[in-house]
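This report concerns only the one structure given below.
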Amino acid sequence: MFDKRNLFQYSNFYCTLFSIHRPYNFTELKGYSDVLKWGGCAYSFYDPNLSTSFRCSVGLAFNKHIIWNDKLFEISKFDCDPYQASYFEEELFPLDKKKEIESYQNVLNSALSLSSTPAKDFMDSPDMSDWFERDYTNVSNNIEDYILDFEKGKVYLNAVLLSESFYNNVMEQILTQNKRFKVTSFLDFID
């Protein structure tokens, strides 16, 4: 069952979810730029020359409800290291959710092919798209499980957080508990 106290106890989880899905105007983005989660600046990828994978964190970078323009890029605070930044291209924004799921699945497959660790021990799901495309109608029954897995850094959570179904059902649960809930009031409180 959803508990509205979780909103503040797990504000990082909810800020990430709201950053990905909620529409924002430029004034809100500027005002909440330190609270919202910007996410990565490029899709996840594996570099065989470095034998290293680069995981894109999720956030505003995937938000298709905001206007991506020069003013927004000037205030952006993407989560990416200098190597990832070399793959940054403004015209890619917002990043495509399905493409990220495919990119990250390729990263996982590359890592698995180079690892002696059994697949079942390495990842949470053999197919990230299973988590992305799932119907989350009954999310209230286990929202705490998703939050705790997010806190633990479980890899499948990126796909869950990118899911429109997950977001819509979480918002439905929040609004059932508090019909006057406003994301901006939540962001003001945790700022």
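Legend: distances between Cα atoms for Lys64/Lys99; Lys37/Lys152; Lys97/Lys179; Lys30/Lys77; Lys30/Lys64; Lys37/Lys77; pairs beyond 19 Å are Lys97/Lys179. Given +1 at the Cβ of Lys and Arg, -1 at the Cβ of Asp and Glu and no other charges, the dipole of segment 6-186 around its Cα centre is 560 debye to the nearest 20. Above 27 Å, the calculated P(r) of segment 6-186 contains 28 percent of its Cα-Cα pairs.
Applying 1/(1 + (r/R0)^6) with r as the Cβ-Cβ distance of Ser57 and Arg180 and R0 = 22 angstrom yields a FRET efficiency of 0.10. On full extension, the segment bounded by Asp130 and Ile67 gains 19.8 nm, given 0.36 nm per residue less the C-alpha separation.
In order along segment 169-185, phi translates into HN-Hα couplings of 6, 5, 4, 4, 5, 4, 6, 5, 6, 8, 5, 9, 4, 10, 4, 5, 5 Hz, rounded to whole numbers, per the Karplus curve 6.51 cos²θ - 1.76 cosθ + 1.60 with θ = phi - 60° and x for Gly and Pro. Stretching Glu102 away from Phe26 to a fully extended chain increases their span by 24.4 nm, per 0.36 nm per residue minus the current alpha-carbon distance. The label point for Lys77 and the one for Asn49, both projected 7 Å from the Cα toward the Cβ, are 3.2 nm apart.
Placing pseudo-labels 7 Å out from each Cα toward the beta carbon at Phe8 and Ala85 gives an inter-label distance of 3.6 nm. Compute the length gained on full extension between Leu92 and Glu144: take 0.36 nm times their separation in residues and subtract their Cα-Cα distance, giving the result in nm to one decimal. Value of the extension gain: 15.4 nm.
Projecting the Cα atoms of Phe78, Leu95, Ile174 onto the dipole axis of the chain, where Lys and Arg carry +1 and Asp and Glu carry -1 at the beta carbon, places Ile174 farthest toward the positive end. What is the calculated FRET efficiency for Lys152 to Ile190, with r their C-beta to C-beta distance and R₀ = 30 Å, to the nearest 0.05? Result of the calculation: an efficiency of 0.90.
From helices alone, the chain scores -13500 deg cm²/dmol at 222 nm; the rule is -39500 (n - 2.57) for each run of n ≥ 4 DSSP H residues, then divide by the residue total.
A short reminder: the numbers here are calculations on the coordinates, not readings from a lab. This is a predicted model, so every value here is computed, not measured. Positions of Cβ are generated from backbone atoms using ideal geometry, with glycine treated the same way; all protein chains shown enter the neighbour counts.
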